[in-house]
Amino acid sequence: MSKIHFDTIALIGIGLIGSSLARVIKREGLADHIVISTRSESTLKRAEALGLGDSYVLDSAEAVRNADLVIISVPVGSSGDVARHIAGSLKAGAIVTDVGSTKGSVIAQMQPELPVHVHFIPGHPLAGTEYSGPDAGFAELFANRWCILTPLEGTDPVALDRLTKFWEACGSRLDTMDPLHHDRVLAIVSHLPHIIAYNIVGTASDLEEVTNSEVIKYSASGFRDFTRLAASDPTMWRDVCLHNKDAILEMLARFSEDLASLQRSIRWGDGDALFDLFTRTRAVRRGIIDAGQEVDAPDFGRQKAGAKSS
Ligand code: NAP
């Protein structure tokens, strides 16, 4: 079977995700030419210094002109502006996709802007770290991680197949999903954990009776694992919260109810309820390890996997 290949791939946005794509596209030889475009001159210069692409342009409209595949990797709140800017320059038959962490809002922003002669197929690789920018990327980011495509009604099956094969060549496992279902699933598996982490780290840093130095000194007893999530990019996560509001609020309401129930078990000394819950949750982690989405090492696999799991 011949490998998927594009003449020109345009990467719009060259942070953690865009630069990881650039690296894996190069490593796997998935394009003859990689054009890189980003908002700021300083990031563009850094991408060039890192040798991530073949050409570098500030104007995203110019970058997409000859591209057969356009991948937009910017904060979700900016995807509409980018789509509006590149729309008039897109080549007929080009595949346009994104990597945004929310799908309903990205589709609502981008779809009305894009011309009918391109194939718009939204996507989301479930792979990341708490680091940002072009230096943070690495070619193995997508290896064995899921990538969810949320094709719209009437999507050309050939274009969908090409994009599927592209992500598989990057190392991903592929699923397709309805966009709104994606947003509910991601609200619980990704968005809520980050919000809880931001909240607990914020609470700890506000506590007056525990000094900040004690929070840091004793952090390995649990707190540290939340700080990794809470160190994630503020712009990205502000946008995720604002653009997946309904699903996040629904999951937060359920979470609050369950937290109240846990609080009651502690207050009334209901050890059986606590033991049952903790047994159930331990099995969930076992399932994640068995599914190959985490390494079976103590201390969150930190020694082996470094900081590069999300
Ligand atoms: P990142 O490292 O912060 O890079 C963001 C990129 O977008 C940079 O090239 C930046 O350009 C550009 N950008 C920022 N604001 C912009 C704006 N207002 N208009 C146009 N371009 C703008 O971000 P990332 O982690 O790669 O995330 C990119 C996308 O991937 C987001 O939609 C995020 O939801 C999604 N995602 C992230 C992860 C993760 O764990 N990080 C995982 C899966 C999906 P300049 O540097 O030139 O300003």
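The values are calculated or read from the model by the stated rules, or taken from the named source; none is laboratory data. Bear in mind that the values here come from a model prediction, so they are computed numbers and not experimental data. Positions of Cβ are backbone-derived with ideal geometry, glycine not excepted, and every protein chain shown enters the neighbour counts. With ligands, DNA and RNA removed, areas are computed over all heavy atoms of the protein, side chains included. Shrake-Rupley method; radii C 1.70, N 1.55, O 1.52, S 1.80 Å.
Measuring nothing but protein heavy atoms, the accessible surface of the chain at 1.4 Å probe radius is 55 percent carbon and sulfur. The charge dipole of the chain, taken about its Cα centre with unit charges on the Cβ of Lys, Arg, Asp and Glu (plus for the first two, minus for the last two), comes to roughly 500 debye.
When the pairs Lys45/Lys91; Lys26/Lys103; Lys26/Lys165 are compared against a 19 Å limit on Cα-Cα distance, Lys45/Lys91; Lys26/Lys103 fall above it. Candidate cross-link partners of Lys3 among the aspartates and glutamates, defined by an alpha-carbon separation under 15 Å and a same-chain spacing of 8 or more, comprise Glu28, Asp32, Asp161, Glu168.
Based on the Kirkwood approach, the hydrodynamic radius assigned to the chain is 20.9 Å, with every pair of different Cα atoms included.
For the chain, averaging the sequence separation of C-alpha pairs within contact (under 8 Å, six or more residues apart) and dividing by the residue count gives a relative contact order of 16 percent.
The sum of -39500 (n - 2.57) across all DSSP H runs of n ≥ 4, divided by the residue count of the chain, sets its helix-only mean residue ellipticity at 222 nm to -14500 deg cm²/dmol.
What the Cβ-Cβ distance of Leu262 and Ala143 gives, at R0 = 41 Å and to the nearest 0.05, is a FRET efficiency of 0.70.
What you get for the stretch 128-266, charging only the Cβ of Lys and Arg (+1) and of Asp and Glu (-1), is a dipole of about 240 debye around the Cα centre. Secondary structure note: in the stretch 90-243, about 35% of the DSSP beta bridges are antiparallel. Across the stretch 260-267, coupling constants 3J(HN,Hα) worked out from phi with the 6.51/-1.76/1.60 Karplus curve, θ = phi - 60°, read 5, 5, 5, 4, 5, 4, 5, 4 Hz, and Gly and Pro carry x. For the chain, the residue among Leu126, Met251, Ile289 whose Cα projects farthest onto the positive side of the dipole built from Cβ charges is Ile289. When only alpha carbons are used to place a centre, the stretch 107-171 and the stretch 1-76 end up 13 Å from one another. Taking Lys and Arg as +1 and Asp and Glu as -1, the other residues whose beta-carbon sits under 15 Å from that of His119 total -3. Using heavy atoms of the protein chains and a probe of 1.4 Å, the accessible area assigned to Val295 is about 60 Å². For the stretch 182-236, a crude dipole built from +1 on the beta carbon of Lys and Arg and -1 on the beta carbon of Asp and Glu, taken about the Cα centre, is about 240 debye to the nearest 20. A Gaussian network model of the chain, with springs between Cα atoms under 10 Å, assigns the largest mean-square fluctuation among Glu113, Glu214, Glu48 to Glu214.
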